[in-house]
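A.B. asks: This is the structure I want to talk about, given as structure tokens.
The values are calculated or read from the model by the stated rules, or taken from the named source; none is laboratory data. Being a predicted model, the structure only gives us computed values, none of them experimental. Quick reminder, even Gly has a Cβ in these numbers, built from the backbone with ideal geometry, and neighbours come from all protein chains shown. Just so you know, the surface numbers come from the protein's heavy atoms only, side chains and all, with ligands and any DNA or RNA stripped out. Shrake-Rupley method; radii C 1.70, N 1.55, O 1.52, S 1.80 Å.
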Amino acid sequence: MSFDLTQLADTIARHGPVARVVVADTAGSTPREVGAAMLVWQEGQSGTIGGGELEHRATIAARNLLASGRSAALKRVPLGPELGQCCGGAVTLLTECYTADDLAQHVRDAVVARPVTASDAIPLAVKRVLDQARAKGLRPLPQLLNGWIIEPLACPTIPVWIFGAGHVGRALVDVLSPLANVAITWVDTSVDRFPTTIPTNVSALPAPNPAVAARMAPPNAHHLILTYSHSLDLEICHAVLSRDFASAGLIGSATKWVRFRRRLTDLGHSAAQINTIQCPMGDPGLGKTPQAIAIGVAATLLNSMASNEKNNGGMPGDRGHAPPKRAIDT
């Protein structure tokens, strides 16, 4: 989990002042992990910290905090005794109020660290975490440490290229765009094929020839190929196989894939290369609706990204920096 500055800024631009509620610490069995967060404004909310009654009460408290003019509050909630929940653990929630003016301090930060209690100096343990982020490019886990909350800044470092803005493409964007570490490039043949509203972390790329656009993708990109045309799909597969890529999936039936394999072989690709494309992509057992396809593809993609992250020793970060201190009401 991470501090999603882009989402926060977009929410403030749409709704005005926003309260961000983050799980700062946990003990025992809890609905969500440290770093899980939601945004709350007077007329709505997005994201989730889980827990039903926990989230309901946290939402009310966040709106009260926004109305009070205070900047932040920290509260430990024992789930069983206070809420009657069966998890049995305890959750510490940090609620912070933000306006557009509060965001500038985080623009250059790869690690957002701030005190949750009055503090005149950064504790040594916090300095060590920030120094590691600065010297080694290591992104720390979100954590409450010696009275400070530390969160890595969300950085969309995993490129996902989606070819096709039809029903399945739109379902895929709906499923994948909330992932803070994913940077989506959405390709189709003309601008009018895209929906009017596109998520902030998605870049629409109208391209008369999507296969040419595929050559612009970075070598660590994940490609999802699902255009309205089999000939376009084949050209994109050929373009992807002609360069480095992280993973590739093609929408279609087993019959389509047999034909594509033959044509890709004729274009000079080896069987080993061709086998790196998954077709049908996702999990055909889930069904053929756009949403079912999107869920299967997203699960496969998430597994691939998790495997790559594990093999690479974690996603690299940039320099860590502690923003100005904020007073916390406990």
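A.B. asks: Working only within the stretch 143-176, note down all residues that are under 24 Å from A239 (Cα atoms) and either without any contact (Cβ under 8 Å) to a residue 24 or more places away in the chain or part of a strand (DSSP E or B) (or both).
C.D. replies: Residues satisfying the conditions are I158, P159, V160, W161, I162, F163.
A.B. asks: Just checking, does the stretch 119-127 include any residue being closer than 24 Å to A73 by Cβ, touching a residue at least 12 places away in the same chain (Cβ under 8 Å), out of contact with any Lys or Arg (no Cβ under 9 Å at 6 or more places or on another chain) and surrounded by 20 or more Cβ atoms within 10 Å (Cβ to Cβ)?
C.D. replies: Yes: the stretch 119-127 contains one or more residues that are closer than 24 Å to A73 by Cβ, touching a residue at least 12 places away in the same chain (Cβ under 8 Å), out of contact with any Lys or Arg (no Cβ under 9 Å at 6 or more places or on another chain) and surrounded by 20 or more Cβ atoms within 10 Å (Cβ to Cβ).
A.B. asks: N64 fails exactly one of the following numbered conditions: (1) without any contact (Cβ under 8 Å) to a residue 12 or more places away in the chain; (2) part of a strand (DSSP E or B). What is the number of that condition?
C.D. replies: Checking N64 against (1) without any contact (Cβ under 8 Å) to a residue 12 or more places away in the chain; (2) part of a strand (DSSP E or B), the one that fails is (2).
A.B. asks: In addition: Would you pick out the residues in the stretch 212-223 that are of a type outside the set (S, T, N, Q) and open to solvent by 10 Å² or more (accessible area, probe 1.4 Å)?
C.D. replies: Selection gives V212, R215, M216, P218, P219.
A.B. asks: Taking the criterion of being acidic (D, E), part of a loop (DSSP other than H, G, I, E, B), open to solvent by 30 Å² or more (accessible area, probe 1.4 Å) and at pLDDT below 90, would at least one residue in the stretch 294-317 satisfy it?
C.D. replies: Residues of the stretch 294-317 that are acidic (D, E), as a first pass: 309.
Now drop any that are not part of a loop (DSSP other than H, G, I, E, B), which leaves none.
Checking the stretch 294-317: not a single residue is acidic (D, E), part of a loop (DSSP other than H, G, I, E, B), open to solvent by 30 Å² or more (accessible area, probe 1.4 Å) and at pLDDT below 90.
A.B. asks: In the stretch 139-153, which residue that is crowded, with 20+ Cβ neighbours inside 10 Å and of a type in the set (A, V, I, L, M, F, W, C) is farthest from M1 (Cα to Cα)?
C.D. replies: So, considering only residues that are crowded, with 20+ Cβ neighbours inside 10 Å and of a type in the set (A, V, I, L, M, F, W, C), the one farthest from M1 (Cα to Cα) is W148.
A.B. asks: Mind checking which residues of the stretch 104-118 are open to solvent by 20 Å² or more (accessible area, probe 1.4 Å) and either closer than 30 Å to R63 by Cβ or aliphatic (A, V, I, L, M) (or both)?
C.D. replies: Within the stretch 104-118, the first condition is being open to solvent by 20 Å² or more (accessible area, probe 1.4 Å), and the residues that meet it are 104-105, 107-108, 117-118.
Those that are open to solvent by 20 Å² or more (accessible area, probe 1.4 Å) and either closer than 30 Å to R63 by Cβ or aliphatic (A, V, I, L, M) (or both): A104, Q105, V107, T117, A118.
A.B. asks: Among the listed residues I251, I198, which satisfies the condition of being buried (at least 20 other Cβ atoms within 10 Å of the Cβ) and β-branched (V, I, T)?
C.D. replies: Going through I251, I198 in turn, just one is buried (at least 20 other Cβ atoms within 10 Å of the Cβ) and β-branched (V, I, T): I251.
A.B. asks: Moving on to the next point. Do we have any residue at all in the stretch 190-202 that's polar (S, T, N, Q), closer than 16 Å to S2 by Cβ and modelled with pLDDT of 90 or more? Give the derivation first.
C.D. replies: Residues of the stretch 190-202 polar (S, T, N, Q): 190, 196-197, 200-201.
From what is left, the residues that are closer than 16 Å to S2 by Cβ are 200-201.
With modelled with pLDDT of 90 or more added as a condition, the list becomes none.
Among the residues of the stretch 190-202, not one is polar (S, T, N, Q), closer than 16 Å to S2 by Cβ and modelled with pLDDT of 90 or more, which makes the answer no.
A.B. asks: Same structure again: Modelled with pLDDT under 90 and acidic (D, E): which single residue out of E53, E96 fits that description? It would help to see each step written out before you state the result.
C.D. replies: Numbers: E96 fails: modelled with pLDDT under 90.
Residue meeting the stated conditions: E53.
A.B. asks: Please go through the stretch 48-60 and give me each residue that is hydrophobic (A, V, I, L, M, F, W, C) and without any contact (Cβ under 8 Å) to a residue 40 or more places away in the chain, ordered by number.
C.D. replies: Those that are hydrophobic (A, V, I, L, M, F, W, C) and without any contact (Cβ under 8 Å) to a residue 40 or more places away in the chain: L54, A58, I60.
A.B. asks: Exactly one condition in (1) of a type in the set (K, R); (2) in a loop (DSSP other than H, G, I, E, B); (3) more than 26 Å from the chain's Cα centre (by Cα) is false for K288; which is it?
C.D. replies: (3)
A.B. asks: Restricting to the stretch 172-225, count the residues that are more than 27 Å from P152 (Cβ to Cβ) and of a type in the set (S, T, Y).
C.D. replies: 4
A.B. asks: Another question, then. Picking from G282, G268, which residue would you name as being modelled with pLDDT under 90, open to solvent by less than 80 Å² (accessible area, probe 1.4 Å) and not in a helix (DSSP H, G or I)?
C.D. replies: G282
Residues are listed down the side, and each one gets a yes or a no for (1) buried (at least 16 other Cβ atoms within 10 Å of the Cβ); (2) of a type in the set (S, T, N, Q); (3) closer than 28 Å to R139 by Cα:
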site: D4; (1), (2), (3): yes, no, yes
site: V18; (1), (2), (3): yes, no, yes
site: V23; (1), (2), (3): yes, no, yes
site: S29; (1), (2), (3): no, yes, yes
site: W41; (1), (2), (3): yes, no, no
site: S46; (1), (2), (3): no, yes, yes
site: E55; (1), (2), (3): yes, no, yes
site: A73; (1), (2), (3): yes, no, yes
site: G80; (1), (2), (3): no, no, no
